[in-house]
Amino acid sequence: MVNATGTFGNSAIKMYIPGVNPAGQQGFVNASGVFVTVPQDVAHGTPLDMAIPLSNTGDTDFVLPQMSGRIYFAIDGDLTFRAVADEQGVRRMQYPAGWVESDDSFSVMHDCVEFTLNDLGMFCNTTMVDKFSVPLAIRLEGDASQTAGELVPGGRERIFSTIADQPDFARLIIGDNKRVIAPGHGIDSGLFSSTYYDEYINEVWSKYATTDLLVTDHLKQITYTGRVRDGVLIFDKGVAPIRKPSTRDVFFCDGALAAPNDGVTGPVAAMLGAAFNRGTLLEHSAQPISDTKLHYNTAVANHYSRALHENTKDGKAYGFAFDDVGDLAAFIQDHNPSSWTITLTDLSSGPAPGGTDPGSDPGTDPGTGGGTDPNTGGGTDPNTGGGTDPNTGGGTDPNTGGGTNPGTGDVSTGSAGLNFGS
């Protein structure tokens, strides 16, 4: 782990590694590099001691065991992960929810990356599906040397200024540029219109009542033809009927746009979700659109995601759950990995973390579901949801319950751990 924030010393930063081990058990990696399962003998709501300090100076080296999970970084504060009981009384992990004002971690500046390390290799991404706060870049060494997530100079500041200039999106910024939350979470927090996409969706449904919608799965080289009939989008070749989505469905790529792992309906739903978020469905009846110059050109689009893509060096970002459609997500993989480096990049023009200002009133909704603790709205699902690659996920936070893809996928046993450092 490399601290290149330019503002905070290593002592101000803590690391947390929650996830699922090869046996399918939820838990976390401790400071010794050992995976510890969620304790079953603690009271519901017990905070878990899982913070890992960085080295006193220089880079922090760490051996990562085989698992599927996330690496969180907190600046100038502590994140709270809790053991909560599900309906069967089994203790599972509840993650921080940076969009829920009542969450213990709300005032702490933090962010995370996602990964799966298994016998097949290393699969990782710099997710921004739920929020953006700390700019994180990753480098994966193995059969090749690959990078993802690096912002352009001044990228963090430009992301916030771009979103602040969008009237519908400006309220998604929490505090003094502490973080910006995704519009789906904004809906659930009372910060974003739940009808933002409604007129656009109605226009799309009206257009494809008289025009064929062509969706091509380039991997299988199959094109599906669809028409809206009796208010439902009907495709040929075995695709399940797709009902008209809501604005929330579009931003979460869930609900009517949920993508099952069936190899047929799933890819079509994912491509539709991407087209809605990128604002390409009214102008282009053949999807997906690979030319990024044609993305986000409409007044109604996911301008949160646009701001992220515009400010990464390679134009790739995980701005919504199916941003990997067209290979546009900040995702890299290697089947023979040797090391993985995570860099906390420049924060010299960023906010001063800490404080108690929660930003705008997020309303009374406790979260987006998927959780077992009604007081916090936090979730316990260890999978990251979303995404179309079964190894990586790249979808929504475990607290959201969104997405139908199993997320970070299965992990298997056998190979050695991965050196996570410089």
Tally of residues being without any contact (Cβ under 8 Å) to a residue 24 or more places away in the chain and within 25 Å of MET128 (Cα to Cα) across region 250-274 | 3
Which residue, of GLY190, GLY186, is under 21 Å from MET128 (Cα atoms) and in a helix (DSSP H, G or I)?
-> GLY186
When every residue in region 159-175 that is in contact (Cβ under 8 Å) with a residue 40 or more places away in the chain and farther than 21 Å from SER107 by Cα is compared, the one surrounded by the fewest Cβ atoms within 10 Å (Cβ to Cβ) is GLN166
One residue from ILE181, ILE187, ILE138 being under 17 Å from ASP346 (Cα atoms) and under 17 Å from the mean Cα position of the chain (by Cα) | ILE138
Return the pairs, sorted by first residue and then second, in which the second residue is aliphatic (A, V, I, L, M) and in a loop (DSSP other than H, G, I, E, B), the first residue lies in region 80-102 and is in contact (Cβ under 8 Å) with a residue 40 or more places away in the chain and more than 19 Å from THR37 (Cβ to Cβ), the beta carbons are less than 7 Å apart, and the residues are 6+ apart or on different chains.
-> PRO96/LEU79
Boolean, GLY263 is small (Gly, Ala, Ser), exposed (fewer than 14 other Cβ atoms within 10 Å of the Cβ) and within 27 Å of the chain's Cα centre (by Cα) | yes
Name the one entry in PHE35, PHE28 that is among the aromatic types (Phe, Trp, Tyr) and more than 18 Å from PHE73 (Cβ to Cβ).
-> PHE35
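Taken together, the values in this text are just the output of simple stated rules run on the coordinates, not laboratory data. Owing to the predicted nature of the structure, the values given are computational and were not obtained by experimental measurement. Glycine gets a Cβ as well: all are built from the backbone with ideal geometry, and neighbour counts include every protein chain shown.
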